[in-house]
Amino acid sequence: MIRSCASAKLALGFLASIFLSGPAAADMIPVPQPRSEAAPDFRSYEKEIGCLATAIYFEARSEPPAGQWAVAQVILNRLESDFYPKSVCGVVYQNDHLKNACQFSFACDGIPDRIEEPYAFRIAELIARNSFECEQTRCGAGDPLARSTHYHADYVSPWWAQKLERTGKVGRHIFYYTASM
């Protein structure tokens, strides 16, 4: 949901670029990079948006927009915790060196992270930008999903799920909150 004039202008500009761009624009979609380049020690707005969009794309591109937004919220909420890194890229790629034991499965599953659906990535980027902006103004306050810190697909049962407060389900993802963060 777009909640401000700035968001509306950003969304309109972004959607216009999707529909007015030619095939060459698809070649300009950034490809995720290895952790050494993807998780800087400093915060760069464009780099942070890129990491957030990449996570949304690989974790939730088949989900409805509300589900993609909820995944973004999990990542942004973790920034406020001492248990997680202090940058979006750091949160997304935390423990990416541990095969199948990182925070977000795409980052450590051993499968090359290629963006093969440019339109889906553009949508993920729009959601990332809007989510990042909303994080600064607390959009979604009062929505239980807005405070989520964890999620998993509905076809798995992680050990930690029963220890957390369920905040909702969108598409195939179930979201949770933990007050201990």
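The values are calculated or read from the model by the stated rules, or taken from the named source; none is laboratory data. Since we're looking at a predicted model, the values are computed, not measured. Backbone-built Cβ (ideal geometry, glycine too); neighbour counts: all protein chains shown. Each accessible area value is taken on the protein alone, full model and side chains, heavy atoms only, with ligands, DNA and RNA left out. Shrake-Rupley method; radii C 1.70, N 1.55, O 1.52, S 1.80 Å.
Here are a few things to note about the model shown:
Results for (1) more than 19 Å from ALA53 (Cα to Cα); (2) basic (Lys, Arg); (3) in a loop (DSSP other than H, G, I, E, B), shown as yes or no for each residue.
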{"residue": "TYR84", "(1), (2), (3)": "no, no, yes"}
{"residue": "PHE106", "(1), (2), (3)": "no, no, no"}
{"residue": "ILE111", "(1), (2), (3)": "no, no, yes"}
{"residue": "ARG114", "(1), (2), (3)": "no, yes, yes"}
{"residue": "ILE123", "(1), (2), (3)": "no, no, no"}
{"residue": "PHE132", "(1), (2), (3)": "no, no, no"}
{"residue": "VAL156", "(1), (2), (3)": "yes, no, yes"}
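- Filter pass, GLN136 being open to solvent by 50 Å² or more (accessible area, probe 1.4 Å), at pLDDT below 95 and either over 18 Å from LEU52 (Cβ atoms) or among the aliphatic types (A, V, I, L, M) (or both): no
- Any hit, the stretch 45-58, residues being at pLDDT below 90, surrounded by fewer than 15 Cβ atoms within 10 Å (Cβ to Cβ) and in a loop (DSSP other than H, G, I, E, B): no
- Among the residues making up the stretch 95-119, those that are open to solvent by 30 Å² or more (accessible area, probe 1.4 Å) and either without any contact (Cβ under 8 Å) to a residue 12 or more places away in the chain or touching a strand residue (DSSP E or B) at 6+ places or on another chain (Cβ under 8 Å) (or both) are LEU98, LYS99, ASN100, ALA101, ASP109, GLY110, ILE111, PRO112, GLU116.
- Flag for ALA70 being open to solvent by 20 Å² or more (accessible area, probe 1.4 Å) and either modelled with pLDDT of 50 or more or assigned to a helix (DSSP H, G or I) (or both): no
- Test for SER81: is it surrounded by fewer than 20 Cβ atoms within 10 Å (Cβ to Cβ), under 24 Å from THR167 (Cα atoms) and modelled with pLDDT of 95 or more: no
- Looking only at the stretch 143-159, residues that are loosely packed, with under 11 Cβ neighbours inside 10 Å and among the aromatic types (Phe, Trp, Tyr) come to 2 in all.
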